[in-house]
Structures are given as C-alpha cells and as structure tokens.
1. In this structure, is A:Ile156 assigned to a helix (DSSP H, G or I), crowded, with 16+ Cβ neighbours inside 10 Å and more than 19 Å from the chain's Cα centre (by Cα)?
2. Taking the stated definitions as given, is B:Arg530 modelled with pLDDT under 90 and either of a type in the set (D, E, K, R) or touching a Ser or Thr at 6+ places or on another chain (Cβ under 8 Å) (or both)?
3. Does any residue in region B:350-361 that is modelled with pLDDT of 80 or more come within less than 8 Å, Cβ to Cβ, of a residue that is assigned to a loop (DSSP other than H, G, I, E, B) and surrounded by 13 or more Cβ atoms within 10 Å (Cβ to Cβ) six or more places away or on a different chain, and which pairs are these?
4. Sort through A:Ser88, A:Ser75 and tell me the only one that's at pLDDT 90 or above and not aromatic (Phe, Trp, Tyr).
5. Take B:Thr238 and tell me if it is more than 11 Å from chain A (Cβ to nearest Cβ) and over 14 Å from B:Lys151 (Cα atoms).
6. Just a yes or no: is a residue in region B:241-259 in a helix (DSSP H, G or I) and facing chain A (nearest Cβ under 10 Å)?
7. Working only within region B:65-78, note down all residues that are surrounded by 12 or more Cβ atoms within 10 Å (Cβ to Cβ) and free of Cβ contacts under 8 Å to residues at least 24 places away in the same chain.
8. Looking at B:Ser526, B:Ser488, which one is farther than 24 Å from B:Val657 by Cα, over 19 Å from the mean Cα position of the chain (by Cα) and small (Gly, Ala, Ser)?
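The values are calculated or read from the model by the stated rules, or taken from the named source; none is laboratory data. In this text, all values refer to a predicted model and were calculated from it rather than measured experimentally. Every residue, glycine among them, receives a Cβ derived from its backbone with ideal geometry; neighbour counts consider all protein chains shown.
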Amino acid sequence: MPSANSVKLSCESLWKVYGNTPEQYFTGEIGSFNVEEKFQQLTENGSIIACGDVKLDIPTGSIFIIMGLSGSGKSTVLRCLSRLVEPSFGKVELDGLDLLNQSPKDMIEIRRHKMGMVFQNFGLLPHLNVLENVAFPLKAQGISKNERLARANEMIDLVGLEGRENSYPHQLSGGQQQRVGIARSLAAEPEVWFLDEPFSALDPLIRTQMQDEFLRLQKQLNKTIVFVTHDFHEALRLADTICIMKDGQVVQIGTPGEIVLAPADDYVKKFTSEVPLWKIIEAQSIMEPPDGKDMDRPSVKPDTLLEEVMRLFDGKTEEVQIVNESGECHGVLTPVSIIRALYRDEKKVG
Amino acid sequence: MLAEKNILPILWGGVLVFSALVMTLGSDLKWLFEFPESLHVPIAEFLDWIMFGFVDLFKWLFRFISRVLEWPMRGVQGFLEWLPWLTFASLATFIAWQGGGRRTGILTLVLLLYIVIVGYWYEGINTLTLVIICIPLAVLLGFALGVWGHKSPKANAAIQTMLDFMQTIPAFAYLIPILLLFGFGPVVGLIASVIFATPPMVRNTILGLNRVPPEVRESGTMSGCTPRQRFWWVEVPTAFPQMLIGVNQTTMAALGMVIIAAIIGGFEDIGWEVLGRLRKAQFGQSILAGMVIVCLAIILDRITLSYAKRQLPTESHTGLRIKQFIVGFIGISVISYILAMFIEPLRVWPKALEFYPADAMNTLVFNIIANFGDFLETSKNQMQYFVLLPVKLGFTRSIFPITWGFALTPTIIGIYWFIVFMGAAIALYFRHWKIAVAIPLIAGVLYFGITGVSWVVYLAVLPLFAFSLGGSRVTLFVTGSLIFLMVSGIWVPALVSIYLCFVAVAICIILGGLMGIWASTSERVSAIIRPINDTLQTLPQFVLLIPAVMFFRVGDFTALLAIIAYAIVPMIRYTEQGLRTVSPTAIEAGITSGCTPAQIFWQIKLKLALPQILVGINQTTLFGLNMLVIAALVGTTGLGQQIYLALSKVDAGGGIVAGLGMALIAMSADRMMRAYISRTSK
C-alpha cells in the first residue's frame, strides 16, 4: 500500500488550446515565452485557451476537487487527465507512467483497468437496463456474461439500487440514474475515479444525500479521486484538497481550511465570504500556544471543527485545550480567539 | 449595415425603372421577349454525348448488375405469389401486432383483406416485391453513407449536396439515364427507387449519430471501449430510434417511387394498373386500384413507424420477446399454410368471390358529373379566367368582354396604373419602402403575366430579390440557375412551371394558413385535420391525380388541384404547430400588458410563430414543385411535360436538362427562403 503522501496522478504545464495551429506556441522561439506572454499571444491570434499551464499533484487515496465556474477550464483539465481530450501540450503521469505517450491501444487498457468516470448528465446507455449498463465496462473487456453480471450485481448493491436491475434509465429518477453511473464507473475496480460534476444535475436534497453516500463509499473503497464541481460548498464538504481555477488557470490549491483562512486573492475570497467558517476551520489552525497551566478544561483533537469546539463553552468553561493522540497539549482556544477567526481578523488572515 | 439599408431601396428603385422601360419602350423588340436562340448552349446535346459515351463503355457492367438484381426480384416475386394470401396476411398482421399492438395489427389485417377481396392481390404483391427488395438496399446504402458523412466533415459536405440533387431532381428525369444503362424492365424501377429512397436514411443516420450526447460517447470511451466497440455498442444503439425514423421515410419513398416507376411498365404492378385505367378514363377501376396503393402505403407506414416508436421511452407496447416471436412466426406460418392447403379460397381468393364494384362506381361518377357538371365546369372556368390566365398571360392577354365582361380600354389601363402608383406613393409616404416596391412589382406581373415579362427583367429582379433575402451566395446561385434555364433553351417551359407552382403555392399559403390557424384554436378541428394530413402525406403522389382527373379532366386546373392537395399539408402543419408552440409565458405577458385578443394574435402569436410558418411555406413550395412533375401525367405544359416527353422518347439529354432545371428552381426557392428564415429567426 502506497503511503498517503505518494502522488498517484499528476500533470505539469498542461495546455489545451482551441484555434489556429496552437502547436507553434509550444515549439521553437515562441515556445520559450513565459506563461503570460503565451496567454497574450494566443488570445491575440484568436485561439481559445481552455486551460493553460496547469500543474497538479493528486495524492493517492485522497479526494482532489477542482472547483471553478463554468468556462474556467475545470472539465477540460479532467478530460486531459483521462485523455478524453488530447492536450495541446504538457505532461500527464499516472503512477509515473507518461499517459500522453501511450498508444491508443494502451490507453484503452489503462481506461479499462485503472480509470472510472462519472458524468454530470449520467451518460447512461438508453438501450440497456441498469444491470447491463453497470456491466458495460466489463463487457468491453470481454469478461464472460455470468461473471460480469455477478460483478454488476455487487456494484448495484453497493450503491443501494437493489430491485431496479431490470429498469431502463428513463424509468429512474435523476438520483437513481447517477447511482447507476457511479456503479458503472466502479465496476471495473478502477484506481483513479473521475467525477465530472456528478451531483450538479440533481435536486438540492438528493444532492446532499448523494454527497453523504459518496463519502461513505470513499471510506470503504479508498480510491484516488478527481472531482470537478462548480459548487464551493460541495468542494468544502467533500475535499481533502481543493484546486480553484479561473479562466483556464489554477488560482489556488490547498485544504479547505487553508483556502478559507488564507484565500490567495479577491476572487477566491468572494467564494469564502458566505461560507459557515465554523464548519470548516479546524481547531489546530487557529489555536494559541499552550500556556502551561494545568487546569480542568475540556480537551479536543487537533482536527476538531470549531463547530464542535464552540459547543463546549458553557458557563464555566473559559478555555479548551487541543490534545494530540499521545495526550500532549498542543495549544488552547478561547472564545475570543474563535470570534476573531470567525470575524476574520484581516490582519491575521491576510 | 447602415450602408446596406441605404443601398437596397436605391437598387430596387433602379431595377423598377429599368423594368418599366424594358416593358414599355422595348415592347417591339422581339429579342427582349424571346430569349435569343443564338445564346443557346447545347447542354442537352453535350449531356447526350457524354451519356452515350458512358453507356457504350459501361453498358455491359450495368446490364450485368441488372441481370444480378433480376434474380432476387424474380425470386421474391415467385415466392410471394406461391405463398397463400392467408399466410402472408396473417404473418404481416403478426409483425404489425408485434410492433404496434392490437390497433396496428387489426388495421393491417383489414387493409390486406381489402386488397384480397377486391382482387388486386397479384398486382399488390408485385409492388410489394419491389419495395421489399428496395428497402434493405436503400437502408444499407443510406446507413453506410450516413456513417461516412458523420465521420468525415468533407464527405458530409459532398453528401449533403448530392442528397439535395437526389431529392429535388424529379424522379422521371433520372429514370431516363437509368433506362439507358440498365435496359427496360422492372429493375429500372428498383434502381430508381433505391436512389430515391436512400436520402432519408442518410439524413436520419447522420442526424442520429450527431445527436448522440457527448457524455454518452465519452462514457463509452471511459468504459474502455475500442473505437469499434464504441461505435456498435454505444453510438449506433443510441442513434437507433432516429435511424428507424429513417427506415420509415425510406420505405415510404421507396413505395412512392415504385409506383411512379410503373410508367415504364413490365411488372404488372399496381401502379401500372392505376395508370392504365386512368388513361382509359376508367375511374371506378382506377379508384379501386388506387385504394390498394393507399392500403399498402398505410400498412408500410404504420408498421415501420410502430417499430420506430417502440424505441421511445413513453411507448408501453413491447410485444413478445424475440424467441417467442420466432416461435409464433413459425407457428402461424405452418398453421395458416395447412389451412390454406385444405381450403382453397384461403390460398387463392376465387374470382367469383371478388367484390369489384367498378362499374357501379363509374355510373356514380357519371351521374355526379351529369348532375353537377355545370357547377364543376363553372368553378373551373372562373378559376381559369380570373386567376390562372391573368397570372400566366397577364391582364393584357386575358381580359376580354366574354370572360371579364369588359375590354381593357386605355382608360381602364390608366386607372389601373394610377391606383398602383398611388398605392406605392402612400406606402412610401409611410416609409414602408418594401411595400412600395412590392406593389408595382406584383401589379406588373399581373398586368403582363409571368410568361409575358421579358427575360431581361427576370435577370434584374430575381437576383436583387435573392440578394435582399439572403446575401451574395444565394444571389450567385439564383443568377446561375436563371442563366442555366435560359441558355439551355427551357426558359419558356420553366416559366410555365413557375407560374403553375406559384398559383398553387399562393393558394396553399392562404388556405393552409387559415386552416392551420383554425386548427390551432380548436382541438376538434385539429383532431379532424391531423389524420387527413397524415393520409395525404403518406399517399404516393400519383393517387391524388385520380379524383382530380375524374371530375375536371386533364389540364392546368386539374394539375393545380392535385398540387394543392399534396402541397398544402406542410403549410397547415407548420402553421398549427408554430401557433401552438408559442410560449404561454409570452401570451401571459401580453395579457397582463393589456393586449386585446386581436393584438395577442397579430403581435405575439403570429410574430413568434413566423419562423415555423416560413418553414411551412418553404416545404409547401418544394412539395408543389415536386408534385408539378407528377401532374405532367395529366397534361400540364412546362418542364414536367418536357421531362415526361423525354422519358417516352428516352431522350437522356433533354430529360436531364429539364430535370436539372426543375431542381435548380426548387433549390433556388429553397435557398432564398432558408436564408430569409435564418435571418428572421435570429
């Protein structure tokens, strides 16, 4: 089992440009221009830069979320990572393997065994029933009918669709259809799981429910996940790491707490302004140094959310201490420090 | 934009003045009114020369194909003739039931029984033979071309142009080269049908494949499909419902063409029967035979459509599973065959039991004509004197005391033009320059007649009209088409065709538009009109000629009726659909803004429905031109007649030139209209 910090999937100076002969901008003299110059040149020549100079490292077994508004290039990046879209320039590596140098045939093998993808509008095959849809990737691999249907049945159980095996996509609700999409993407037991706005087409209530199920599944399966969304709250809720994109470029990469506490620029700050900070900020990120006092006070773990910490302040409690697994006191939190963090002391947060 | 706005009225003013000068001062110059022979280019002769060269070189190959195709044709024909009618009818009913449930099944059975009882089983089977062989060929060819067009944008451009020609060149015209290449006989009808029936399959295949959602395609890729797996397992099944619509349209086109191709003769099919009876003025017989065509059309349409509809999510009828279906199929074959072996009338319907009331019907028709002859004659004459002749020959050559009750004296002419100029002046005063141009233009056409206007005027007015509607590319196409019509020596018949089609389309627009409006306001009217429209559109065009000829004999008026019957359908449909699909929000907005019902109709509904209605007008025009050629069978003059004559003389060059002329007229009209539609719907 690879360590939690090892990189599963990565890309570097990834560009996707639509327009007249973008290749010239990556070779020869112009190829040596820096990023801003390239952006300017390409825009002037009428090309459209879907994404430019994107560098991502996606750690094994974590949920990596690419967040951005429509047109920010997030879907393009996702499709470049799976080579659904051929990048104009750059490097994509999966387990150290250069994906862009793989032959179409090898790429098919990689998709069959290592990748699964969920689509915003489900992408189900209208002529197949639920069972056949889920078994479809296995059919493409040439697995025998009995075996693939058995596996598909397991997947259907996993996403909680027992009893709907023989329904056709048009007979299912949106949430159910997406469960089929999820089951299908997992049928071939991929290592990397791509999700392209999987819950955006669903009603808000169903969306929350599906997010919970998604977290439950991930706890069970521990995949490496690249998840695209335009919903900042969804990103905060699900992500281990968030990458915020704007106009084809990466603006900031960080944990939800980092992004909320230290937005890279005004653009990111705008997203964070309406966020319930107490649900995101962990105790350890705003604690004050331990004062050495040994008094009777409640203790919490470093990654406890402020929401939980705040509940502990009753009439008698004035301080909460943060204690690590071995019982050492790391720091303390007072109501004042929490208020300051939630109020966003500009000087401190910067 | 500003420059264009100023230039157009000036150009139009110039063209009007120029036209007026030509028509008045040049009225003595013969060359202005007859396109000079010295400018003719021997296109027909050139085509003949190429055609004969080609035929000499490749005749053996095509005759060989013809021979090869003759085998399956004779085979299917022989098999279907050997098959007891009971077996055929019960299997067809079973297939219909599997596709569309009880109603489709019963309908199929009843219609087949009609064919049996009336005694046209043999002829009907012969027609079906051609259709049955044509369908797989056209479907496969169409699928292959469609896939090619979908995969390669370059091929797509070429295919689209080819389809335009395949569908606008009248079928009669390409019967001629096919005759030359393949020799006489039913194979010609088959080949022509395949050519004519392939385009809808191509179009629907391309449409279906292009409409596969990108996510579905991507999900195929991400499921690890190879390109081939993705095509056959993902793209084709997703596009399948659309392709089945293509199969339906292809089937109907094949039937229509098989019927038309019957004029070559030699296969004893039902089209030949109708034509022969019609020529002998045996109306009862031709109606009974025509009804067989109607039955075949409805059966083929309903069955293919039911299989297409079954693919839709909303359809509840699923039929039997494939294994059960095969078992049922075999079971029914065996049982019905055994039954037919023991009971002779179930194998071949005996002559004695035929119900063939042709003579009674003839008597009935004669009685109707005897009783209502005066009325029919009067209405025909009124139409001739007051509409057809003025448009064709102009007031100058059609107003006489016997017909109109007065002569065209200089005073009346003076008053006429005075009113025209006053109208134009008033329009100009209110700054409607387009109306100010239109009034003298229309008045001029009515005064001199479509055939009485100088070709020079056409060459000035039509390109400018095209330019006003659609810009330079359309103008180029229209000008080129005009020049082709003139130099190839078919200008006069072309004008006659345009005149007849113009009148028919104008009537269709008015009548059809009103009916569409009516149908859009009343569910009951809509429910009555819809099946009539469906039937009119499924019928092979040929059939529509029968009643028209029956009551009005041959001539322009008869052709006009037949054209209207066929071409009015899209006008009604699109008008109703356009008005019905106006968004309720827009109407509510109108109501809350205090619009009267009249205002809501004129300013909201009609405005928003206009793009759809324009599409309807475009379709009506194309349908009209299409029917015009068929109507040549009942003696219209014009391009249709030229093609028809060329066919009887196997004159390839003349036929192709006339056919191309027809296609160019249709395509010019289509392009101008489409340019205008795309502009108004922006």
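1. Working: assigned to a helix (DSSP H, G or I): yes; crowded, with 16+ Cβ neighbours inside 10 Å: yes; more than 19 Å from the chain's Cα centre (by Cα): yes.
The answer is yes for A:Ile156.
2. Working: modelled with pLDDT under 90: yes; either of a type in the set (D, E, K, R) or touching a Ser or Thr at 6+ places or on another chain (Cβ under 8 Å) (or both): yes.
Criteria met by B:Arg530.
3. Partner pairs satisfying both residue conditions: B:Lys351/B:Gly119; B:Glu354/B:Gly119; B:Phe355/B:Gly119; B:Tyr356/B:Gly119; B:Ala358/B:Gln282.
4. Working: A:Ser88 fails: at pLDDT 90 or above.
The match here is A:Ser75.
5. On the way: more than 11 Å from chain A (Cβ to nearest Cβ): no; over 14 Å from B:Lys151 (Cα atoms): yes.
No: the conditions fail for B:Thr238.
6. Taking region B:241-259 and keeping what is in a helix (DSSP H, G or I), we get B:241-259.
Still in the list and also facing chain A (nearest Cβ under 10 Å): B:241.
Within region B:241-259, one or more residues are in a helix (DSSP H, G or I) and facing chain A (nearest Cβ under 10 Å).
7. So in region B:65-78, the residues surrounded by 12 or more Cβ atoms within 10 Å (Cβ to Cβ) come out as B:65-67, B:69-70, B:72-77.
Passing the criteria: B:Arg67, B:Arg74, B:Gly75.
8. Numbers: B:Ser488 fails: farther than 24 Å from B:Val657 by Cα.
Matching residue, one of B:Ser526, B:Ser488: B:Ser526.
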